[in-house]
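Okay, structure first, notes after.
The values are calculated or read from the model by the stated rules, or taken from the named source; none is laboratory data. Worth saying up front: this structure is predicted, and the values here are computed from it rather than measured. For neighbour counting, all protein chains shown are included, and Cβ atoms are generated from backbone atoms with ideal geometry for every residue, glycine included. Note: accessible area is taken over every heavy atom of the protein model, side chains too, but ligands, DNA and RNA are not part of it. Shrake-Rupley method; radii C 1.70, N 1.55, O 1.52, S 1.80 Å.
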Amino acid sequence: MYKYFEYVEFDGEKFFTVVRLPEKEGKYPTVIIRNPYVDPFIDLSDEEALDQYGGTDFCNRGYAVVVQHCRGCGKSTGDCIPYIHEREDGLYLREWIRKQSFYNGQLLLSGGSYLSSVHFTTAPFESDVIGAVLRVQDCERYNCNYRNGFYKVGLHGGWYVGMYKRNKRWHKNFAGDSYNLLPLSDFSKTVFGESVPDFDEILKHPKRDDPFWTTSRYGGAEAHDAIKNANIPILLETRFYDIYTGGIFDMWNNLSDETKAKCALVVNPYAHGGTKSESPIEFPDGEVGEAFKWSEADWFDAVLGKRDFPYELGKVTYYRLFENKWATDDFEHGKNTKRFTIGDGERTYVYNPYSPASFKGGLSCNFGGAKFQDAPNSRYDILSFYTDEFAEDTFIKGKMRARLTVKTDCEDTCFYMRISITKEEGDYGLRDDINSVCNFKPDYVPGEYIEMDFTFDEHAFLVKKGEKLRIDISSSCNQYVRHTNNKGLFSEQTTAKVAHNTVVLDKSYLEICFE
């Protein structure tokens, strides 16, 4: 393998770019990787940084590999403002590659998490982009920031603070409860000491159907529906406890028929990193590498017609949790349904936004994956219930749903639900969802009963005979910005107040789909 580096100059900045080539001189299909997580390179000399890039399976297979440090990251100059410059920077890198002697007219995109989002921002792809492997991030920026209007502190919140101008090594006035600031619109000035336009704008647009998310750069418009009509072989990967599980399933289901027929989706049982170390339960052969023994180069070899594709195209290959085996199919919802009434009578609890509840694990919406939960009814504002024991083994597949009949003494409040499964070691988290009263009835009158629907991201797991599901109901979760119990835009609230929230248990239920 032969390797060298260059500083690619664009837009007044210099981008540290490493090129790795097969030993034999020639023209090669080129794999493009753009990476912001390169902090260890900052204090290295250029030559020392180059030495960090060792051998590569790609080069041994006859690929050129171009790795670039994103703007303001590692050894590249400029300021890192998450997402904002990635489209232009990524497109310029491709133009640079096309002028190099090793370029053979074929480009392949590779990345996971933010490393895949930098490619989404460059859609629609040019004709020389012939395939991709894109892991653990979907293309809709809303999903990174919100769930049903609730800002994801446990995902975008802390991550953004770390990313913003990351090479500056400056002091940021940030602590775990910084997102409890009122009004939250003052967050950037308080934490960064300056206004941050993209972050500030995001806090103004909590609704999914707001045109902000499909028409503006700050809302990720350039990545919206990025691969829907890509019409190239793309391997997508997520995990059942990834931070983007639901969004990646949405992206998969939204692919055009022509594109989906050329693609595959793989889902393992772990969290964002895809490894057993993230989970308190180890699933046999649960890591993709354990089960399939393939590399990204195998996918790209298949794109070039050198071998068969490692996964069935047009299908989802997924791990069936607690049944402990892999399957490949269309991942349709279970055809059978069952409802579990949550309980009898009514339960009222006090929700104090100055003391929000905490839950273990981020499940499929925030960092943290799956964890064993605290004991049921662990706080005065957490109501815990169990279904009856299952009479037989039942494989639940698809989206679980729930409905709560509720009332509150405030003009608006929220309700949070978390579903777990009972195991000998404890109750293992499965899914969660959060929503506000005014999302269902904008002109809500305090004391009025209303119905609220909850939808949980796709899952595939076995409930064994004698096991139960646990349902936790609250009005807050540390993974989301707290609801102040006031009506209106959350980021402009200057006060918070206590709510008395009631759930009508015998008119509330959990619904499962099973095979």
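Show the residue pairs that are 6+ apart or on different chains and have beta-carbon atoms under 6 Å apart, the first residue being within segment 329-346 and within 29 Å of Cys263 (Cβ to Cβ), the second being open to solvent by 80 Å² or more (accessible area, probe 1.4 Å).
Pairs found: Gly334/Glu515.
Filter segment 114-133 for residues that are open to solvent by 20 Å² or more (accessible area, probe 1.4 Å) and not hydroxyl-bearing (Ser, Thr, Tyr) and give the result.
Listed by number, the residues that qualify are Leu115, Pro124, Phe125, Glu126, Ile130.
Quickly run through segment 350-405 and pick out the residues that are small (Gly, Ala, Ser), touching a Pro at 6+ places or on another chain (Cβ under 9 Å) and under 23 Å from Ser508 (Cα atoms).
Across segment 350-405, the qualifying residue is only Ser384.
Name every residue in segment 89-113 that is open to solvent by less than 40 Å² (accessible area, probe 1.4 Å), farther than 14 Å from Val67 by Cα and outside any strand (DSSP E or B), in order of residue number.
Selection gives Gln100, Phe102, Ser113.
Given the conditions (1) closer than 15 Å to Tyr92 by Cα; (2) surrounded by 14 or more Cβ atoms within 10 Å (Cβ to Cβ), which single one is not true for Gly12?
Looking at each condition in turn, Gly12 falls short on (2).
Would you check which residues across segment 317-337 are surrounded by 15 or more Cβ atoms within 10 Å (Cβ to Cβ) and either closer than 30 Å to Phe490 by Cα or among the polar types (S, T, N, Q) (or both) and list them?
Thr317, the sole residue that qualifies.
Do we find that Ser295 is open to solvent by less than 40 Å² (accessible area, probe 1.4 Å), under 27 Å from Gly55 (Cα atoms) and among the polar types (S, T, N, Q) in this structure?
yes
Out of Ser185, Ser178, report the one residue that is touching a residue at least 60 places away in the same chain (Cβ under 8 Å) and closer than 22 Å to Ser355 by Cα.
Ser185
Just the residues that are open to solvent by 40 Å² or more (accessible area, probe 1.4 Å) and either acidic (Asp, Glu) or outside any helix (DSSP H, G or I) (or both), please, taken from segment 271-286.
Answer for segment 271-286, where residues must be open to solvent by 40 Å² or more (accessible area, probe 1.4 Å) and either acidic (Asp, Glu) or outside any helix (DSSP H, G or I) (or both): Gly273, Thr275, Glu278, Pro280, Glu282, Pro284, Asp285.
Give the residues of segment 500-515 that are more than 26 Å from Gly368 (Cβ to Cβ), open to solvent by less than 20 Å² (accessible area, probe 1.4 Å) and touching an Asp or Glu at 6+ places or on another chain (Cβ under 8 Å), sorted by residue number.
If the condition is that a residue be more than 26 Å from Gly368 (Cβ to Cβ), open to solvent by less than 20 Å² (accessible area, probe 1.4 Å) and touching an Asp or Glu at 6+ places or on another chain (Cβ under 8 Å), then Thr502, Val504, Leu505 are the ones that fit.
Looking at Thr405, is it hydroxyl-bearing (Ser, Thr, Tyr), touching a residue at least 12 places away in the same chain (Cβ under 8 Å) and surrounded by fewer than 23 Cβ atoms within 10 Å (Cβ to Cβ)?
yes
Looking at Thr259, Thr317, Thr238 in this structure, which one is at pLDDT 95 or above, among the polar types (S, T, N, Q) and either assigned to a loop (DSSP other than H, G, I, E, B) or closer than 17 Å to Leu108 by Cβ (or both)?
Residue meeting the stated conditions: Thr259.
Taking segment 188-208 as the search range and keeping residues that are out of contact with any strand residue (DSSP E or B) (no Cβ under 9 Å at 6 or more places or on another chain) and touching a residue at least 24 places away in the same chain (Cβ under 8 Å), which one is nearest to Glu492 (Cα to Cα)?
Among them, the one singled out is Lys204.
Can you spot a residue in segment 158-181 that is closer than 23 Å to Ile434 by Cα, aliphatic (A, V, I, L, M), modelled with pLDDT of 95 or more and surrounded by fewer than 16 Cβ atoms within 10 Å (Cβ to Cβ)?
Within segment 158-181, one or more residues are closer than 23 Å to Ile434 by Cα, aliphatic (A, V, I, L, M), modelled with pLDDT of 95 or more and surrounded by fewer than 16 Cβ atoms within 10 Å (Cβ to Cβ).
Could you say which residue among Ile243, Ile227, Ile248 is closer than 29 Å to Glu201 by Cβ, aliphatic (A, V, I, L, M) and part of a helix (DSSP H, G or I)?
The unique qualifying residue is Ile248.
Consider only pairs whose beta carbons are under 6 Å apart and that are at least six residues apart or on different chains; among these, list those whose first residue lies in segment 369-386 and is within 20 Å of Tyr351 (Cα to Cα) and whose second residue is in a strand (DSSP E or B) and open to solvent by 70 Å² or more (accessible area, probe 1.4 Å).
The qualifying pairs are Leu383/Arg347.
State all residues of segment 441-483 that are out of contact with any Asp or Glu (no Cβ under 7 Å at 6 or more places or on another chain), open to solvent by 20 Å² or more (accessible area, probe 1.4 Å) and not in a loop (DSSP other than H, G, I, E, B); if no residue qualifies, say none.
Within segment 441-483, Glu451, Asp453 qualify.
Give me the pairs, please: first residue somewhere in segment 426-449 and under 11 Å from Leu363 (Cβ atoms), second residue anywhere and of a type outside the set (Phe, Trp, Tyr) and open to solvent by 20 Å² or more (accessible area, probe 1.4 Å), beta-carbon distance under 6 Å, and either six or more positions apart or on two chains.
Hits for this filter: Gly429/Lys371; Gly429/Gln373.
Name the one entry in Phe367, Phe340, Phe359 that is at pLDDT 95 or above, open to solvent by less than 70 Å² (accessible area, probe 1.4 Å) and assigned to a loop (DSSP other than H, G, I, E, B).
When all the criteria are applied, what remains is Phe359.
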